[in-house]
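We did not get these values from a lab; they are worked out from the coordinates using the rules stated. In this text, all values refer to a predicted model and were calculated from it rather than measured experimentally. Reconstructed Cβ throughout: ideal geometry from the backbone, glycine too, with neighbour counts over all protein chains shown.
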């Protein structure tokens, strides 16, 4: 069972990163993600669509208003350069309420360990706050980069499912200790 509402990650930091709530104006830098065919190839977006960028941010803002969950802007602590959107999301998977760590990094920030660093911070936050018995990540079967991040975040593939009409692998943490 998920403990709602999900507390905000706003102000959470790691060695290199800082989380803050998304704001509609983030669409400007988020266009770098939407403009990359490689970045969005596993998502139902149109390359370069400002409407899709705005909708993704709006969805997170709506989630936050509804249950506290949602993606957050993740910035470099030094210089406040945006690196992507990462956060804890409530999901329904095969009829069961789950808590997911989701991560989407700007292509120019790939390969630097930021996705893993942010995802691990989310896992630790969820465990420390006992937000759910386990945490999942829903990942396209062909998205090997995201699968590698999930593994580095202490997750293992559990099963295949269909989520919002698309095939997905469910990666899951072990149940929290004690």
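Structure notes:
- The single condition among (1) free of Cβ contacts under 8 Å to residues at least 60 places away in the same chain; (2) part of a loop (DSSP other than H, G, I, E, B); (3) in contact with a strand residue (DSSP E or B) (Cβ under 9 Å, 6 or more places away or on another chain) that residue 171 does not satisfy is (2).
- Residue in segment 96-106 that is within 18 Å of residue 177 (Cα to Cα) and either out of contact with any strand residue (DSSP E or B) (no Cβ under 7 Å at 6 or more places or on another chain) or in a helix (DSSP H, G or I) (or both) present: no
- Residue ID - farthest from residue 112 (Cα to Cα), chosen from residues in segment 132-145 that are in contact with a strand residue (DSSP E or B) (Cβ under 6 Å, 6 or more places away or on another chain) and either without any contact (Cβ under 8 Å) to a residue 40 or more places away in the chain or buried (at least 18 other Cβ atoms within 10 Å of the Cβ) (or both): 132
- Qualifying residue in segment 4-21 (condition: assigned to a helix (DSSP H, G or I), more than 21 Å from residue 153 (Cα to Cα), in contact (Cβ under 8 Å) with a residue 12 or more places away in the chain and touching a strand residue (DSSP E or B) at 6+ places or on another chain (Cβ under 8 Å)): no
- Out of 102, 111, 177, one residue alone is exposed (fewer than 13 other Cβ atoms within 10 Å of the Cβ), under 19 Å from residue 74 (Cα atoms) and free of Cβ contacts under 8 Å to residues at least 60 places away in the same chain. It is 111.
- The condition (being crowded, with 16+ Cβ neighbours inside 10 Å, out of contact with any helix residue (DSSP H, G or I) (no Cβ under 6 Å at 6 or more places or on another chain) and not in a strand (DSSP E or B)) is satisfied by just one residue among 148, 66, 80, 118: 118.
- Contacts under 7 angstrom Cβ, first residue in segment 33-48 being touching a residue at least 40 places away in the same chain (Cβ under 8 Å) and on the phi > 0 side of the Ramachandran plot, partner assigned to a loop (DSSP other than H, G, I, E, B) and surrounded by 15 or more Cβ atoms within 10 Å (Cβ to Cβ), 6 or more apart: none
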